[in-house]
1. With a Förster radius of 22 Å, plug the Cβ-Cβ distance of residue A:17 and residue A:67 into 1/(1 + (r/R0)^6) and report the FRET value to the nearest 0.05.
2. Under 10 Å, Cα contacts only: if you run a Gaussian network model on chain B, which one of B:49, B:86, B:29 comes out with the highest mean-square fluctuation?
3. What list do you get for A:13, A:108 if you sort them by fewest beta carbons within 10 Å?
4. Taking each residue in A:34-42, count the Cβ atoms of any other chain within 10 Å of its Cβ, then average. What number comes out?
5. So, R0 is 30 Å and r is the distance between the beta-carbons of residue B:5 and residue A:7; what FRET efficiency does that work out to, to 0.05?
6. Between B:71, B:42, B:57, find the one with the highest GNM mean-square fluctuation for chain B; connect C-alpha pairs within less than 10 Å.
7. Over all alpha-carbon pairs in chain A, figure out the percentage whose distance exceeds 20 Å.
8. Pop out the Kirkwood hydrodynamic radius of the protein assembly as shown from its pairwise C-alpha distances, inverse of mean 1/r, in Å to one decimal.
């Protein structure tokens, strides 16, 4: 079954404590992205990756880091989380470009206190 | 600043009725316009998409209408069902790179 798997699904943490949200896809897709979803703003792209070792900033990259060392994995790193990063996060993958259907994970709800 | 403006924020429709959600954009470089459906606790799922070289695309009960000159596109859900109750997002993208811009979303509730 085609899947994008995110972990953890829920996390409550404190300001400044580094955290990583993992994302893994089993479809051998080249493109992967991270989005955050906030009420009234829809989804906003944080970072995307076009292949291993190729990443680029989306619309709201400040405070986030990513890496793409393997094709299947695309972790999102918050080095020093702050309360304004409290949000619902989604990872997505796509076969080869934006106009191919994207598969989304089920989301990670982060609360930064 | 929302690059894709979506309306209404919420919508209540009777079972069997037509649900209509509208989106407008400014960037004429956008060349692909997908719609996503999201159920509570789940990620968005691609529903239907259109390119600007066609004015309408239909898949089952879902139709996208596209007006290039007005820079607007809309989703019509015919014979709306309670199972269609979800949040719907329009989006737009430019060329290569998997960079999607989303509207703010519309919460649809279909009353039985």
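1. Working: r = 19 Å, r/R0 = 0.87.
The formula returns an efficiency of 0.70 here.
2. B:29
3. Details: A:13 16, A:108 23.
Going from least to most buried by this count: A:13, A:108.
4. Details: counts 0, 4, 0, 7, 1, 3, 4, 5, 14.
If you average over the peptide's residues, the count of other-chain Cβ atoms is 4.
5. Values: r = 34 Å, r/R0 = 1.14.
With a Förster radius of 30 Å, E is 0.30.
6. Highest fluctuation among the options: B:42.
7. Working: 2112 of 6328 pairs.
So the portion of pairs separated by more than 20 Å is 33 percent.
8. Working: mean 1/r = 0.0558 Å⁻¹.
Roughly 17.9 Å, rounded to one decimal.
Throughout, read-outs are computed from the coordinates displayed, never taken from laboratory work. These numbers come from a predicted model, not from an experiment. Cβ atoms come from the backbone with ideal geometry, glycine included; neighbour counts cover every protein chain shown.
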